[in-house]
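Step one of this worksheet: look at the structure below.
Values quoted throughout were computed directly from the atomic coordinates according to the rules given, and no laboratory measurement underlies them. Keep in mind the model is a prediction, meaning the values are calculated, not measured. Cβ placement follows ideal geometry from the backbone for every residue including glycine, while neighbour counts extend to all protein chains displayed.
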Amino acid sequence: MKKTESFFDLVFQVVRQIPEGRVTSYGAIASCLGSPQSSRMVGWAMNASHTAFPPVPAHWVLNRNGLLTGKMHFSSPDAMQDLLEKEGIEVKNDAVIRFKELFWDPQKELSLE
DNA sequence: CACATGACTGACT
DNA sequence: AAGTCAGCCATGT
């Protein structure tokens, strides 16, 4: 298990491009990769994020509802929310406040980059 | 090679 | 409005 991380690597790189204090969704990343339907692969890639290095800021990646779906996969279920709050992002009921305002579209932002 | 799983999303009931 | 089903594609067994 070393190569074959092509898809994972794509997701990891995109996530690492997320500006601090911003968030994005799995669907956005999937779309950026060219497969808006492969949102599952994005989540799957995040599952492997703990094996990637440097560590991927998965706490910025949420589902389309802005919910901290993957918080349970962190070191601690509350770590994700805590990190977001430290970034100045308000989190209530496992959901990011002003999600659409903090939303960072990789396809759009990276395209303009 | 075939089946089962997964941090999602959209549509249907 | 809330719950259920299917589609999507890569990884692991």
How would you classify the range A:1-111 from its alpha-carbon gyration tensor, with a ≥ b ≥ c the square roots of the eigenvalues: rounded for a/c under 1.5, else prolate if a/b is greater than b/c, otherwise oblate? oblate
Which residues qualify? For A:LEU62, with a placed amide H closer than 5 Å and at least 5 residues away or on another chain, they are A:THR24, A:SER25, A:TYR26
Which FRET efficiency, nearest 0.05, do A:GLN37 and A:ARG16 yield, Cβ-Cβ r, R0 22 Å? 0.40
Cα-based Lys pair tally, chain A, threshold under 17 Å, eight or more apart or on separate chains: 4
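Give the range of the longest stretch in chain A that excludes all trypsin sites (Lys or Arg not before Pro) found in loop regions by DSSP and having at most 11 other beta-carbon atoms within 10 Å.
Answer from the scan: A:4-97.
Of A:SER31, A:SER25, how do they rank once you tally other Cβ atoms within 10 Å and put the fewest first? Intermediate results must be reported in sequence, preceding the final value.
On the way: A:SER31 19, A:SER25 23.
Starting with the residue having the fewest Cβ neighbours, the order is A:SER31, A:SER25.
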Which of A:LEU67, A:LEU102 has the fewest Cβ neighbours within 10 Å, and the rest in rising order: A:LEU67, A:LEU102
From the backbone phi of the range A:24-36, what are the Karplus-calculated ³J(HN,Hα) couplings (6.51 cos²θ - 1.76 cosθ + 1.60, θ = phi - 60°) in whole Hz, Gly and Pro given as x? 8, 10, 4, x, 5, 5, 4, 4, 5, 6, x, 10, x
Using Cβ counts within 10 Å as a stand-in for footprinting exposure, how do A:THR51, A:THR69 rank, fewest first? A:THR51, A:THR69
In terms of the charge dipole of chain A, which places +1 on Lys and Arg and -1 on Asp and Glu at the beta carbon, the residue among A:VAL91, A:PRO57, A:VAL42 farthest towards the positive end is A:VAL42
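Multiply the residue gap between A:MET72 and A:PHE53 by 0.36 nm, knock off their C-alpha separation, and tell me the result in nm, one decimal place.
Values: separation 19, 0.36 × 19 = 6.84 nm, distance 2.00 nm.
Contour length minus Cα-Cα distance gives 4.8 nm.
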